[in-house]
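Okay, so here's the structure we're looking at.
The values are calculated or read from the model by the stated rules, or taken from the named source; none is laboratory data. What you are looking at is a predicted structure, and each value in this text was computed from that prediction instead of being measured. We place every Cβ from the backbone using ideal geometry, glycine too, and count neighbours over all the protein chains shown. Areas reflect the complete protein model, heavy atoms only, side chains present, ligands, DNA and RNA absent. Shrake-Rupley method; radii C 1.70, N 1.55, O 1.52, S 1.80 Å.
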Amino acid sequence: GVGYKAEMKGKTLVLTLGYSHPCELELPAGIEAKIDKGTVVTISGPDKQMVGQVAAQVRGFKVPEPYKAKGVKYADETIRRKVGKAGSK
């Protein structure tokens, strides 16, 4: 999203998602996170189920909403947009 940032502090993934506090996630053993361009987080590891679980936890910090499509989303995910409230005349 616009203005969102990600960084690694040791084994902790720190996300700045527009809240008043940073969101922190301690990575389990065997899971690695790589950050590209400050916003793209790549999660990898040998256990596919654990990688999916960690990715779901990261996405859960700020789920994309359908009106402005802001939030944390998967790389291959498309968000179905909704029409906003029509203005009265």
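Points to keep in mind about this one:
- Residue count for the stretch 1-27, restricted to those that are assigned to a loop (DSSP other than H, G, I, E, B) and either touching a Ser or Thr at 6+ places or on another chain (Cβ under 9 Å) or on the phi > 0 side of the Ramachandran plot (or both): 7.
- Selected residue [closer than 26 Å to Lys9 by Cβ and assigned to a helix (DSSP H, G or I)] from Val54, Val63: Val54
- Odd one out for Gly84, checked against (1) touching a Phe, Trp or Tyr at 6+ places or on another chain (Cβ under 9 Å); (2) closer than 19 Å to Glu24 by Cα: (2)
- Among the residues listed as Gly71, Gly30, the single one being outside any strand (DSSP E or B), touching a Gly at 6+ places or on another chain (Cβ under 9 Å), open to solvent by less than 100 Å² (accessible area, probe 1.4 Å) and closer than 16 Å to Thr12 by Cβ: Gly30
- Any hit, the stretch 74-84, residues being of a type in the set (D, E, K, R), in a loop (DSSP other than H, G, I, E, B), open to solvent by 40 Å² or more (accessible area, probe 1.4 Å) and at pLDDT 90 or above: no
- Neighbours by Cβ (under 6 Å, 6+ apart or cross-chain): first from the stretch 51-73, under 17 Å from Ile35 (Cα atoms); second open to solvent by 40 Å² or more (accessible area, probe 1.4 Å) and assigned to a helix (DSSP H, G or I): Val72/Arg59
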